[in-house]
Amino acid sequence: MQTVTNGFSLNPSALLETAFQAVADGGMQDLPFSQPHIPVRACGFQLFEQQWVGTLLTPWMLSLLVLPGPEQQWEPRAVGDKLALSLPCGSVRFIVGEVEGCGQYLACSLMSPLDRHLGAEQALALAQQSARMALSLPVVDGNIPSNPGRRALFRLSQGTT
C-alpha cells in the first residue's frame, strides 16, 4: 500500500543518487540502452516554492525531478499519473514515479534514452545546465512572433527574412 511521502528537510541529492544507483546495479546496466560510462548524479537541486527541483542523470535517462520540501507531505498518487506544474521556464508536464528510499517524486523526461554520443562530462554538464534552465525565467525576444509556427521558426533559425 502506498504511503504519504514526507518532505525532505535537506537537499535530497545524495538519497536520489543512492536510490538510483541501486536501480542501476539491479540490472539496468544489462539493458541495451544503458550507458555504463554515464554516472548517476542528482544535479542542481534547490528549493522552489517549498519543493526540491533539480535534474537526475542516470546511465539510461536525464529527467527533471520535483520532490516534497521541508515540512511537506504528499498524499500518494498512482505511479504514472500525469500533472502539469508551472515553473519559471513555463508549464512542465510531469509523471508520478516512485523509488525505494525516496518515496514518490514527479519526473519530466528530458532525454530517454540518452544520446549514444554523449560522454560522461557532456552528460553532467547537460544535467547541470538543464537544472538551471528549469528555474530560469524565459527570455522574450520582441523580434520573434509569439506563435510563429514551425515554418517561421525554421526561417528565423536560418537567419532569413
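The values are calculated or read from the model by the stated rules, or taken from the named source; none is laboratory data. These figures come from a predicted structure and were not determined experimentally. Backbone-built Cβ (ideal geometry, glycine too); neighbour counts: all protein chains shown. Heads up: the accessible areas ignore ligands, DNA and RNA and are worked out on the full protein's heavy atoms, side chains in. Shrake-Rupley method; radii C 1.70, N 1.55, O 1.52, S 1.80 Å.
Listed values, structure above:
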{"quantity": "Test: residue in segment 17-29 that is free of Cβ contacts under 8 Å to residues at least 40 places away in the same chain, under 22 Å from His117 (Cβ atoms) and either small (Gly, Ala, Ser) or touching a Phe, Trp or Tyr at 6+ places or on another chain (Cβ under 8 Å) (or both)", "calculated": "yes"}
{"quantity": "When residues of segment 22-54 are limited to those that are touching a Gly at 6+ places or on another chain (Cβ under 8 Å) and more than 21 Å from Ser9 (Cβ to Cβ), the one most open to solvent (accessible area, probe 1.4 Å)", "calculated": "His37"}
{"quantity": "Subset of segment 66-103 that is buried (at least 20 other Cβ atoms within 10 Å of the Cβ) and in contact with a Ser or Thr (Cβ under 7 Å, 6 or more places away or on another chain) - its residue that is farthest from Pro12 (Cα to Cα)", "calculated": "Gly103"}
{"quantity": "When residues of segment 26-40 are limited to those that are touching a Ser or Thr at 6+ places or on another chain (Cβ under 8 Å) and at pLDDT 90 or above, the one farthest from Ser136 (Cα to Cα)", "calculated": "Ile38"}
{"quantity": "Residue among Gln128, Gln104, Gln122 that is under 13 Å from the mean Cα position of the chain (by Cα) and not in a loop (DSSP other than H, G, I, E, B)", "calculated": "Gln128"}
{"quantity": "Qualifying residue in segment 134-145 (condition: under 23 Å from Thr5 (Cβ atoms), assigned to a loop (DSSP other than H, G, I, E, B) and modelled with pLDDT of 90 or more)", "calculated": "yes"}
{"quantity": "Within segment 107-119, tally of residues that are part of a loop (DSSP other than H, G, I, E, B) and either at pLDDT 95 or above or closer than 19 Å to Cys43 by Cα (or both)", "calculated": "6"}
